[in-house]
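Novice: First the structure, then my questions, so here it is.
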């Protein structure tokens, strides 16, 4: 784990040595404010909760998280530093895990910096704080799922733009898979068990379930299993690309 920790610290510190971290955080906070207070009509609702705040997170992550993850491996391959990284005394799974955790913690820092919105809700009313806390956990887990996809896709290509576009498309598919727009297409000709499986693979299904303030073990298992699966694919792809 000391090797993973070293990669984690290297990657996390690299975010703050470039403008990337600050630009990402500023955009994330600004868009959260716009979506919550303007598009979400937070004041007009006259309810001291953060429902409008969290409702837009799946859409917000759809573009910002792939923008964050597109550099994880594509940049290493483009600059040739991946060869140097792979010659170090570490395994591929340690490199993949360290890079992913650094990006996940960074996204968690950006999410944590939205706490003034939570304080505002408490100042103006009496919100259900346990529900808000669980919603923050749900948002963090969903960000990890987006990142796992983005990290895997980033390992496929040297081009960061291509990595970004492909990651957005894949994330969009998993985002919509549990919505009536998609499920209605399969009603009547697919067995119900398959329809439920498609719904169960959706970020929206599990995220909305946790927004109710209930920590269902099935939702937790889904997100961690989803992340582990994509990281495993990430490891396999990096191993295959070593000879490129």
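Each reported figure results from applying straightforward, stated rules to the coordinates on display, with no laboratory input. The shown structure was predicted, so the numbers you read here are calculated from the model rather than taken from an experiment. Note: ideal-geometry Cβ built from the backbone for every residue, glycine included; neighbour counts use all protein chains shown.
Novice: Just order 9-19, 154-164 by mean Cβ neighbour count inside 10 Å, highest at the front, would you? Walk me through the numbers before you get to the answer.
Specialist: Numbers: 9-19: 13.6, 154-164: 19.9.
Top of the packing list down: 154-164, 9-19.
Novice: Starting with the fewest neighbours, write out 22, 61, 136, 146 ranked by other beta-carbon atoms found within 10 Å of each beta-carbon.
Specialist: Values: 22 11, 61 25, 136 21, 146 29.
The order, fewest Cβ neighbours first, is 22, 136, 61, 146.
Novice: Please compute the Kirkwood hydrodynamic radius of the chain from all pairs of different C-alpha atoms, in Å with one decimal.
Specialist: On the way: mean 1/r = 0.0526 Å⁻¹.
Taking the inverse mean of 1/r over all distinct Cα pairs, the chain comes out at 19.0 Å.
Novice: Related question: Could you check the spin-label model distance between residue 112 and residue 75? Points 7 Å from the Cα along Cα→Cβ, value in nm.
Specialist: Distance between the two pseudo-spin positions: 2.1 nm.
Novice: Which order do the peptides 224-230, 211-217 take when ranked by the mean count of other beta-carbon atoms within 10 Å per residue, highest first?
Specialist: Details: 224-230: 15.9, 211-217: 12.7.
Ranked from most to least packed, the peptides come out as 224-230, 211-217.
Novice: Using 0.36 nm times the number of residues separating residue 59 and residue 216, minus their current alpha carbon distance, what extension gain do you get?
Specialist: On the way: separation 157, 0.36 × 157 = 56.52 nm, distance 2.28 nm.
Gain in length upon complete extension: 54.2 nm.
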